[in-house]
Amino acid sequence: MYEVEIKVRADHEAVRNELESTGADSLGTVHQEDTYYDAPSRDFAETDEALRVRNQRSVQDEPGEEEQPASQEITLTYKGPLVDAASKTRKEAQTAVESEDGIKAILAALDYEPAETVHKRRERYALEDCIVTLDTVRGLGKFVEVEVTSDSVGSDDIDAARDSAIAILRRLGLDPSEQIRTSYLELLLTGDTDDTVKDS
């Protein structure tokens, strides 16, 4: 599977209003704790790859109450190098795992070392063939991602997926030319942070 993604910094309130006006379907809110690993055999920063263990907790927002955890999922994900110069498109392979402690113990035994952990709160919406995500990333700020998946990496497939994402961004009043192709991990590692942002 290939993930075609366009990400920009944006005000969430304005985008949320646009999503509601377009009739987008809310997919709920989750908290994600993503731990990225360095490989013993090669430098992922050089090869533009990533290996991640994600602890995802869905939350239920009740008026006047604090968010209450609803469920938890642990996944192991590999992300390949960028394959498109005009978007953040990568090959992705992912599998669910039963135990976060277990998978981390396996990685440690194979000399994979944790590099950085990214904390974020994500509000997700479905709009046409895209998933729109309002991200609040600890230390970085607020972003909007539009994502489309493709089963192949042919140029026509990627172009069509990217065009869909761009069209959705424009419908939401956002400028695709302001896209950020750098991952949250890279932004944190390079120090492009906003220390005023604490919510995740």
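Derivation of every value follows stated rules applied to the coordinates shown; laboratory data play no part. Source: prediction; values computed, not measured. All Cβ positions, even for glycine, are placed from backbone atoms using ideal geometry, and neighbour counts span all protein chains on display.
For this structure, a couple of remarks:
- Distance (nanometres) between label positions extended 7 Å along Cα→Cβ at D111 and Q56: 3.2
- Exposure proxy order (Cβ contacts within 10 Å, fewest to most) of E113, E123, E18: E113, E18, E123
- Its Cα gyration tensor gives segment 2-189 an equivalent ellipsoid, and the semi-axes of that ellipsoid, as √(5λ) in whole Å with the largest first, are 27, 22, 14.
- Highest-first packing order for the peptide set 45-52, 104-111 is 45-52, 104-111, based on the mean count of other beta carbon atoms within 10 Å.
- Helical content alone sets the calculated 222 nm signal of the chain at -7000 deg cm²/dmol, taking -39,500 (n - 2.57) per DSSP H segment of four or more residues and averaging over every residue.
- Taking the chain as a Gaussian network of alpha-carbon nodes connected by springs under 10 Å, the highest mean-square fluctuation of the residues T95, T35, T75 belongs to T95.
- The chain, relative contact order [Cα under 8 Å, separation at least 6], %: 31
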